[in-house]
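What follows is a short report on a single structure.
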Amino acid sequence: MAGFEKLSDNALDRVIGGIKAYVDTGTGSNAVVRSGPGKAYSSVDSLSNGTMVRTTGENVENFEDGRTWYEIYEPIHGWIAGSLIGL
């Protein structure tokens with residue numbers, strides 16, 4: 001994952017308002033994690049259906065692709081479409 005690093009402990013201490021959730025693709029396929037909040041951003045990794053994630057509490061509504069994107073920091077740092085997050 002070139003150009004992407006795990007958040008430092010100091011950065012994690014500043015993460016507030018996030019939730020623990022899981023990847024729910026509805027199909028059993030993997031969910032793409034992107035470098036920014038939208039389909040135009042590059043893919044940094046993918047997560048298996050059912051993988052637990054933690055969000056930072058940041059979300060962005062992207063009007064170009066019609067989706068809301070959530071920033072995650074665990075198990076990797078990136079952005080995932082809200083339609084792929086289950087509680």
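The values are calculated or read from the model by the stated rules, or taken from the named source; none is laboratory data. Model, not experiment: these values are computed from the prediction. Quick reminder, even Gly has a Cβ in these numbers, built from the backbone with ideal geometry, and neighbours come from all protein chains shown.
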Task: Filter result (in contact (Cβ under 8 Å) with a residue 24 or more places away in the chain and farther than 10 Å from Pro37 by Cα) within the range 66-87 - done: Ile72, Tyr73, Pro75, Ile76, His77, Leu84, Ile85, Gly86, Leu87
TODO: Name the single residue, out of those in the range 40-61 being more than 12 Å from the chain's Cα centre (by Cα) and surrounded by 13 or more Cβ atoms within 10 Å (Cβ to Cβ), that is nearest to Gly18 (Cα to Cα).
DONE: Asn49
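Residue by residue through the range 27-46, note down the ones that are in contact (Cβ under 8 Å) with a residue 12 or more places away in the chain and of a type in the set (Gly, Ala, Ser).
To start, the set of residues in the range 27-46 that are in contact (Cβ under 8 Å) with a residue 12 or more places away in the chain comprises 27-41, 44-46.
Selection gives Gly28, Ser29, Ala31, Ser35, Gly36, Gly38, Ala40, Ser46.
Take the residues in the range 62-87 that are in a strand (DSSP E or B) and among the acidic types (Asp, Glu), then tell me which one is surrounded by the most Cβ atoms within 10 Å (Cβ to Cβ).
Checking each candidate, the answer is Glu71.
I need the full set of residues from the range 28-60 which are part of a loop (DSSP other than H, G, I, E, B), hydroxyl-bearing (Ser, Thr, Tyr) and either in contact with a Phe, Trp or Tyr (Cβ under 6 Å, 6 or more places away or on another chain) or at pLDDT below 90 (or both), in order please.
First pass over the range 28-60, keeping only residues part of a loop (DSSP other than H, G, I, E, B): 28-30, 35-42, 48-51.
Subset that is hydroxyl-bearing (Ser, Thr, Tyr): 29, 35, 41-42, 48, 51.
The answer is Ser35, and nothing else.
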